[in-house]
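The values are calculated or read from the model by the stated rules, or taken from the named source; none is laboratory data. Fair warning: this is a prediction, and the values are worked out from it, not measured in the lab. Glycine also receives a Cβ, built like all others from the backbone with ideal geometry; neighbour counts cover every protein chain displayed.
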Amino acid sequence: QPVVAIVGHPNVGKSTIFNRIVGQRISIVEDTPGVTRDRIYAHADWLDHKFSLIDTGGIEISNAPFVKQITAQAEVAIDEADVIILMVNGKEGVTDGDDHIARILYHSNKPVIVAVNKIDNLKQQSDIYDFYSLGLGDPYPISGAHGKGLGDLLDQVIKVLPEDHHDNVNDGIKFSLIGRPNVGKSSLVNAILGEKRVIVSKKAGTTRDATNTHFVDHHQKYTIIDTAGLRKRGKVYENTEKYSVLRAMRSIDDSDVVLVVLNADEGIREQDKKIAGYAHEAGKGIIIVVNKWDQVDKTSATQRNFEGAIRYQFKYLTYAPIIFVSALTKQRLNQLPKLIDKVYHNHEKRITSSNLNDVMMDAISMTPTPTSGTKRLRIYYATQVASAPPTIVIFVNDPTLMHFSYQRYLENQFRKSFDFTGTPLKLITRSRK
Ligand code: GDP
């Protein structure tokens with residue numbers, strides 16, 4: 001999916017525009033704690049063109065001077081995006097900061113579109129001419145406050161957006177490793193690959209240094225997504241939380257299965273929860289990998305306690321298997337491909353309607369459906385309408401009678417009968433017409 005980034009001074013209105021373009025998609029469904037706030041990456045579309053949008057304004061380098069901050073933003077945009085929107089403030093005219101960013105972008109060879117924000121009415125239209133001096137072509141007047149001008153701006157974005165080419169090469173099972181800096185993601189990749197035959201491919205024409213690595217294990221082909229992103233390049237923004245989240249979200253998008261990597265040595269941190277939340281929300285297959293297990297002083301209860309802590313902290317990830325490994329000693333790493341393979345197949349799984357309904361009817365006869373007043377929930381039948389993740393529609397008399405706890409009960413019954421280890425299940429209740 002092509003990527004569009006918004007850069008510009010603080011307070012020019014980047015996040016307002018970001019939210020307007022992304023629209024209601026951002027007001028998210030699930031109760032995954034901490035995920036929707038301060039979002040800087042989201043999916044968007046305009047006239048049937050899909051793209052991802054980044055608000056680089058969220059990338060903050062603590063204590064760095066202003067110039068360093070905006071330089072980092074511009075560099076992130078150049079690294080990550082196919083098209084860059086430079087947003088400026090029409091009420092202020094061209095500032096030194098605008099000039100500085102424009103010069104960096106000018107040398108990037110990426111298409112740049114200047115959006116002049118805070119042009120709230122026609123009288124202010126003439127304020128945009130100043131911005132020709134940035135040397136980046138026609139400025140586009142917009143108003144974040146009133147949502148004006150966005151159509152023309154997005155038309156222009158679409159015009160310069162590269163084709164989203166789905167190359168149908170057989171990548172096998174695609175997975176990524178996500179987690180905080182220094183949990184050992186790169187070390188794990190190297191350890192997994194070990195002696196395996198590795199094919200490094202660089203997809204022509206795609207953005208930045210998107211390098212994926214392929215390998216084969218027991219005749220199954222795997223692709224590790226964004227291996228390049230795991231290498232350290234020494235850029236100032238690399239260790240910021242927002243940048244790792246951004247990188248993680250991009251990798252998740254391209255993956256079938258996501259390995260959420262934790263550091264056994266440091267326990268579970270707030271940022272781990274956020275990152276895991278993104279993977280869950282994306283509906284991917286998930287495995288929790290506890291790395292650096294060699295570093296931990298173990299008694300017979302250590303692993304059980306750690307598992308307990310994970311289950312407690314990641315309540316929404318009850319379906320994800322947990323594996324304790326060490327990139328250093330390679331403990332259990334040979335089990336990982338097989339586990340990824342299993343989760344992948346569960347995520348892709350399709351259950352026939354007759355099997356599904358057998359299980360559901362048994363479940364209903366064991367635990368009667370909930371009532372509200374004199375009305376009882378009646379469940380007619382269920383059918384799987386999609387896979388990856390498996391999505392089951394349950395037809396009922398009145399969806400408002402479907403209690404959360406009853407839905408959870410049905411999900412558990414499905415999980416008991418069919419192996420859905422590692423994959424979320426989506427249950428949707430509809431009234432039968
Ligand atoms: P990344 O930022 O998540 O890619 O983390 P790295 O792979 O760069 O690892 C960070 C540090 O942890 C490095 O010093 C590694 O040598 C070390 N490390 C990684 N995995 C293990 C492990 O399983 N055991 C131990 N003891 N150290 C590890």
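When restricted to residues that are in a loop (DSSP other than H, G, I, E, B) and touching an Asp or Glu at 6+ places or on another chain (Cβ under 8 Å), segment 44-83 contains 1.
Of the residues making up segment 245-280, those that are in a loop (DSSP other than H, G, I, E, B) and either of a type in the set (G, A, S) or within 16 Å of the ligand (Cβ to nearest atom) (or both) are S255, A264, D265, E266, I268, R269. Within the set A363, A386, the sole residue that is more than 29 Å from D217 (Cβ to Cβ), small (G, A, S) and without any contact (Cβ under 8 Å) to a residue 60 or more places away in the chain turns out to be A363.
Determine whether segment 354-362 contains at least one residue that is part of a loop (DSSP other than H, G, I, E, B) and modelled with pLDDT of 95 or more. Checked segment 354-362: no residue is part of a loop (DSSP other than H, G, I, E, B) and modelled with pLDDT of 95 or more. Count of segment 281-331 residues, restricted to those that are more than 12 Å from the ligand (Cβ to nearest atom) and either in a loop (DSSP other than H, G, I, E, B) or touching a Lys or Arg at 6+ places or on another chain (Cβ under 7 Å) (or both), is 15.
Consider segment 353-364. How many of its residues are among the small types (G, A, S) and closer than 12 Å to Q413 by Cα? Total satisfying the criteria: 1. The residues in segment 379-433 that are in a strand (DSSP E or B), within 25 Å of P321 (Cα to Cα) and polar (S, T, N, Q) can be counted, and the count is 2. Within segment 90-103, the set of residues being surrounded by 20 or more Cβ atoms within 10 Å (Cβ to Cβ) and either among the β-branched types (V, I, T) or outside any helix (DSSP H, G or I) (or both) comprises G90, I101.
Restricting attention to segment 388-408, the residues that are surrounded by fewer than 17 Cβ atoms within 10 Å (Cβ to Cβ) and in contact with a Ser or Thr (Cβ under 9 Å, 6 or more places away or on another chain) total 8. Among all residues of segment 187-200, there is at least one that is of a type outside the set (A, V, I, L, M), at pLDDT below 95 and part of a helix (DSSP H, G or I).
Among the numbered conditions (1) under 24 Å from T227 (Cα atoms); (2) out of contact with any helix residue (DSSP H, G or I) (no Cβ under 9 Å at 6 or more places or on another chain), the only one that V261 does not meet is (2). From the list Q73, Q125, Q69, the lone residue that is of a type outside the set (A, V, I, L, M) and in contact with a helix residue (DSSP H, G or I) (Cβ under 9 Å, 6 or more places away or on another chain) is Q73. Just one residue in the set V325, V289, V343 is crowded, with 17+ Cβ neighbours inside 10 Å and more than 17 Å from T421 (Cβ to Cβ); that residue is V325.
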